[in-house]
Structure formats: C-alpha cells, structure tokens
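The structure appears below as structure tokens.
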Amino acid sequence: MSFKKIEILERTLERERKARKAAEKILEEKSLELYNTSITLKKVNQQLENLLNEKTIQLQGVFENINDAYVVMDLFGNVLRMNDVAETLFGYDIGKESLNVTDLIYPEDYSYAMSSYKKLKEKGSFLDYTARIITKNNSVRWVQINSSIIYNKNKTPIGAQGVVRDITEIKILEEQKETILKELKNSNQELQEYAHIVSHDLKSPLRSINALISWIKSDNEGKLDDITLQNFDLIDTTLETMEKLISNILEYSSAGADTQKKEEVDLNKVLQNLKKVLFIPENIKISVLTPLPTIQGDFTKFQQLFQNFISNAIKFCDKENGIVEIDCREESKFYQFSIKDNGIGIEQKYHDKIFEVFHSLQKREDSSGIGLSIVKKIIDLYEGEIWLESQLNKGTTFYFTIKKN
Amino acid sequence: MKGIIFTEFLDLVEDKFGIEMVDTIISQSNLKSEGIYTAIGTYNFSEMLQLLQNLSNNTNISIDDLLLVYAEHFFSVIETSYPGLLATYKDPIEMLSSIENHIHVEVRKIYPEAKLPTFIVESKTEDSLEMIYKSSRAMHHFGLGLMNKTFEHFNSTATIVLEKIKEDGTEVRFIINKN
C-alpha cells in the first residue's frame with residue numbers, strides 16, 4: 001500500500017472516529033433531554049392522575065350525597081346509572097332490571113315530557129320540568145327535573161343526566177295552603193258579616209230600652225223622686241256608652257279587612273280633612289312639621305289611623321297649652337311617622353297592652369279601648385310597625401311605619 | 001443542513017469515485033466541520049456547496065448532474081428509513097403534490113430546524129402536475145432526482161421539464177407529465 005493511500009485511510013479513520021464521538025455526544029445530550037422530559041412527563045402525569053382521582057371522588061360524593069335523585073341515561077332514555085335516592089324514588093333496581101325513563105312518565109304528562117325531551121336535545125338542557133311520574137309500585141309522585149346532555153370530548157352527545165327532586169310533599173302542602181287560605185278568607189268574610197249583624201241586632205234592643213225609659217219618664221212625670229230620675233239618667237248614659245262600644249266593635253271588625261283599594265292618598269289632605277271633622281279644643285294646637293307624602297292605599301283607613309292618634313292626644317291632654325305634632329321621615333323602604341303630644345303619658349308597663357282590644361287605661365265614657373287596636377290593625381295591613389316613647393305626665397310620641405309600594 | 005445529507009453524499013462519492021476522491025474534496029474545501037459528519041448532526045449548507053463544487057471540478061461532471069445522481073441515491077435512503085411515509089401514497093402525482101402540506105410537515109417533526117424548500121402546486125390533474133420550486137439553495141436537480149425515483153417507486157415513468165424562472169435557479173417550475 002502506498003504511503004499516500006495510508007495517509008488517506010488514516011485521515012478517513014480519524015474523521016470516522018471523530019464523527020462517532022460527535023454522534024455519541026449528540027446522542028448522549030438527546031438521551032439526557034429525553035430522560036428529563038420523561039421525568040417531567042411522569043410528574044405531570046402523576047399530578048393529573050391525582051387531580052382525576054380527586055375529581056372522581058368529589059363527583060362520587062356528589063352522586064351519593066345529594067338529597068335529590070340523580071340519573072344518567074343514554075340518548076334513548078335507558079338508565080345507565082342512578083343513585084340510591086333515585087332507586088328509592090322510582091322503586092327500580094337497575095342492577096336487576098332495565099329501566100327506560102319513558103316507563104316513568106305519567107300518561108297525562110306524556111306530550112309535555114316529549115316536548116321537554118326535544119328541548120333537551122336541541123338546547124342541551126332544560127330546567128324545572130315539573131310533572132308526575134309513576135313509580136314501580138304504581139304510586140304517583142310529583143317531580144321537578146333539571147337535565148342536561150353529556151357530551152364526549154368531540155362534543156358529540158352521548159347521553160343525558162338529570163337531577164330529579166321529589167316535590168310531592170310540597171305540592172300537597174301547596175294545595176293545602178290554597179284550601180286553607182280560601183277557607184280563611186271565607187270565615188273572615190263571615191265573621192265580618194256576623195259582627196255587622198250582631199252589632200246591628202244589639203243596637204235595636206238598646207234603642208227599645210231607650211224609648212221605653214223615655215216613655216216611663218213622660219208617663220210618670222212629676223211622680224218620680226229625684227233619686228229615681230238620677231238613676232234613669234245613669235241608665236241613659238250607660239246606654240250611650242253601650243251604643244258607642246258596639247259602633248267601635250263594628251269599626252274594628254272592618255279595620256283589618258283589606259278592601260284592595262289602591263288609590264293615591266295625599267296624607268296632607270287627610271290631615272286637613274281631619275282638622276275640620278274633629279272637635280279640637282281651643283287650648284290644643286295641632287301642627288304638621290313637614291309636608292307629608294302621597295302613598296297608595298285606602299283613604300278611609302288612613303283617616304281612621306290619624307283620627308285615632310289625634311283624638312287620643314286630645315282626649316288625654318291635661319296641660320293648659322296642648323301640643324300635637326305630626327312628623328314624617330322617608331326611609332328607603334318605608335315612611336316613618338310620629339305623633340307627639342304633651343299629655344298625661346303612658347306608663348312603661350302598659351306600652352304593649354294599649355294595642356290590645358278593649359284595653360282602656362282609664363275608665364272614661366268617651367274611651368272604649370278600641371282605638372289603638374284599630375290603629376294596629378291598619379298598620380299591620382300596610383306591613384308597618386308601631387311603637388312608642390312616653391314619659392308619665394310629660395307626653396307620648398307614637399311612631400309607626402308604612403311600607404312603600 | 002442535516003448530517004444525513006452529508007454522510008449519504010460522501011458514501012455515494014466513495015462508492016462511485018473511491019475513497020481518495022472523498023479525501024480530495026474534503027481537503028480542497030474549507031470546512032468548519034473538518035469533514036467530520038454524523039447523520040444526526042447539523043452542518044452549514046455552504047459546506048455541501050463546496051463539496052459539490054470540488055467534486056464537479058475533479059470529475060468534470062456538472063453540479064446539476066451530480067445532484068441528480070445524488071438525489072436518486074438519496075431516495076433509497078428514504079425508502080429504507082421511512083417506508084411508512086411512502087406507504088401512505090398510492091400514486092406519484094399525489095405524493096409529489098403533497099410535499100409541502102404533508103411530507104415537509106412530517107420532516108419538521110423529526111428535524112424542527114431543517115431549512116426546507118417550498119413547493120407550490122400551480123395545477124394538477126390525474127396525470128400531470130405543475131409546481132414552483134423555491135429555495136435559496138438552488139438544489140432543483142436534487143428535487144428532480146427525487147421526482148424521477150418517486151415515479152420509479154410507483155412503477156411508472158414521467159417526463160419532467162424544468163423551467164428556470166430565476167437564472168440562479170432559486171425559483172424553478174417543474175412541469176410533470178406522467179407517461
């Protein structure tokens with residue numbers, strides 16, 4: 001072999017060797033890179049697995065713990081999975097028998113069920129489907145169902161899931177409530193009519209007694225002694241008190257009745273009107289401190305309300321210069337009114353009792369003890385509250401609220 | 001440029017012209033790699049140009065003809081190394097027209113930094129194809145060789161006309177008609 005040839009071969013060999021080393025180095029780097037990548041992948045994989053595991057446990061928990069029935073079905077309505085609540089509700093054990101949701105439909109609700117199913121397929125979900133189902137033992141239950149389509153990762157529908165709430169008890173309660181409300185309305189109506197009749201019937205014997213007494217008096221004019229005449233006068237007064245009592249009962253029985261009247265009531269006009277109607281003694285000054293609002297309601301009832309407060313204030317005024325001040329403050333959800341007087345005041349221990357019917361603190365012939373209970377009824381009607389601040393001998397301030405419409 | 005292009009090229013040179021020729025063209029060229037190539041490495045394209053130029057000088061064969069022969073040799077490398085890729089095609093026209101959208105996409109998966117030529121299909125029928133080749137390397141004859149072998153692979157032949165759009169060969173039209 002020539003020297004030149006040997007040199008060429010040596011150079012070739014040298015290049016081959018260096019190429020091999022270069023290749024080894026590249027491969028080593030690549031394999032390190034691969035190793036690192038695979039470690040990272042393993043870690044990520046583990047994290048994903050943990051996450052999946054966690055989510056599966058959470059879902060399983062939801063599936064088992066929700067109070068409602070949970071059902072998973074295929075696109076043809078065949079139930080694939082359901083929780084214990086569902087098994088109890090429907091009465092089927094899908095481990096032993098197959099169940100299609102159409103088996104549960106109550107015949108009368110069939111077309112509603114089909115239109116809801118159509119909506120589910122078109123829109124992917126429906127809410128608050130409320131209908132009856134027939135369970136395995138042929139009992140009928142009211143249910144409310146929320147349902148949605150389950151898609152695979154390619155967004156192709158593969159089934160549906162539904163949460164089924166048994167609302168049978170609620171339905172029954174609702175029906176009961178309706179009936180009771182109706183009954184209540186009727187008996188309220190009857191009671192009012194009854195009160196009306198009773199008071200009317202009670203008044204006529206009173207009038208007869210009154211007439212009889214005046215006849216006795218005129219028939220025996222000059223024959224009766226002073227004491228007898230005095231007793232007759234007492235009978236007259238008592239009759240008057242009785243008449244007033246009966247009138248007030250009538251008023252009270254109609255005070256709480258919602259007349260459904262909704263008119264714009266300008267309370268300033270109510271007050272102006274009252275000032276004309278009420279007898280206001282010279283020594284008492286009634287002032288309205290702020291312009292009053294116009295609110296929706298029944299004019300007569302608002303008049304009754306303020307009339308009772310003002311006439312009470314007048315009645316129980318023992319001062320030389322009596323003051324009655326009416327004020328109002330607007331809050332976000334209600335108006336707060338106040339009626340302040342400088343009268344005799346009310347002891348703390350009576351603050352609750354005064355709103356009870358027939359509870360008059362003073363035996364007076366012009367006080368039946370009904371006024372404030374009427375006030376309370378009207379305020380209840382307008383979803384308001386009433387309370388008071390009072391100091392004996394110094395005066396009383398009543399506060400009440402009326403809900404804004 | 002990928003190392004396999006160099007190693008296969010030098011193997012072919014050795015095969016056709018002997019080991020002395022390999023040594024000669026390496027010594028005559030000014031190579032950063034010093035002629036040490038491994039299939040998995042990456043080397044500067046200018047080294048291939050020098051090797052081709054020196055081989056052309058020493059053999060009096062044109063660079064284009066050298067590239068043509070080299071491409072025909074290189075196709076067999078593809079056949080052995082990537083039989084799966086070829087198996088996805090039933091027809092040479094189909095295969096050539098999808099160089100840009102399929103083959104090069106696959107190549108990039110293996111060699112992300114590869115600098116590939118662009119092949120734009122201008123018109124295509126069942127039996128004919130017109131494509132524009134664009135590459136700063138001007139290795140259109142390498143493409144031509146691969147095309148010839150593609151038809152051979154599918155047991156057919158074609159007449160392929162090459163029209164230079166740019167004089168330096170960086171933009172060339174291939175007019176392919178199946179025989």
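The values are calculated or read from the model by the stated rules, or taken from the named source; none is laboratory data. Here the structure is a predicted model, which means the values were calculated and not measured. Every residue, glycine among them, receives a Cβ derived from its backbone with ideal geometry; neighbour counts consider all protein chains shown.
Values computed for the structure shown
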quantity	calculated
Helices (runs of 4 or more DSSP H) wholly inside region B:1-63 containing at least 2 residues that are under 14 Å from the mean Cα position of the chain (by Cα) and closer than 29 Å to B:Arg108 by Cα	B:3-17, B:45-59
Neighbours by Cβ (under 6 Å, 6+ apart or cross-chain): first from region A:287-298, free of Cβ contacts under 8 Å to residues at least 40 places away in the same chain; second of a type in the set (Phe, Trp, Tyr)	none
Those residues of region A:36-65 which are closer than 28 Å to A:Ile149 by Cβ and either among the basic types (Lys, Arg) or touching a strand residue (DSSP E or B) at 6+ places or on another chain (Cβ under 7 Å) (or both), in sequence order	A:Lys55, A:Phe63
Unique match (being more than 14 Å from every other protein chain (Cβ to nearest Cβ) and of a type outside the set (A, V, I, L, M)) among B:Ser33, B:Ser46	B:Ser46
Residues satisfying the stated conditions in region A:86-112, i.e. crowded, with 19+ Cβ neighbours inside 10 Å and either in contact with a helix residue (DSSP H, G or I) (Cβ under 6 Å, 6 or more places away or on another chain) or assigned to a helix (DSSP H, G or I) (or both)	A:Ala86, A:Leu89, A:Phe90, A:Val101, A:Leu104, A:Ile105
Subset of region A:31-75 [within 14 Å of chain B (Cβ to nearest Cβ) and small (Gly, Ala, Ser)]	A:Ser31
Test: residue in region B:131-148 that is β-branched (Val, Ile, Thr) and outside any helix (DSSP H, G or I)	yes
Odd one out for A:Leu41 among (1) in the same structural domain as A:Thr135 (by TED's automatic domain parsing); (2) part of a helix (DSSP H, G or I)	(1)
Residue check for B:Leu67: under 17 Å from B:Ile4 (Cβ atoms), more than 14 Å from chain A (Cβ to nearest Cβ) and crowded, with 20+ Cβ neighbours inside 10 Å	yes
Options B:Glu130, B:Glu106: the member that is closer than 20 Å to B:Phe74 by Cα, surrounded by 12 or more Cβ atoms within 10 Å (Cβ to Cβ) and among the charged types (D, E, K, R)	B:Glu106
Residue satisfying condition, being of a type outside the set (Val, Ile, Thr), more than 10 Å from chain B (Cβ to nearest Cβ) and assigned to a helix (DSSP H, G or I), within set A:Glu7, A:Glu28	A:Glu28
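Every residue, every condition in (1) part of a strand (DSSP E or B); (2) buried (at least 19 other Cβ atoms within 10 Å of the Cβ), yes or no:
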| position | (1), (2) |
| --- | --- |
| B:Ala71 | no, yes |
| B:Met95 | no, yes |
| B:Glu113 | no, no |
| B:Glu163 | yes, no |
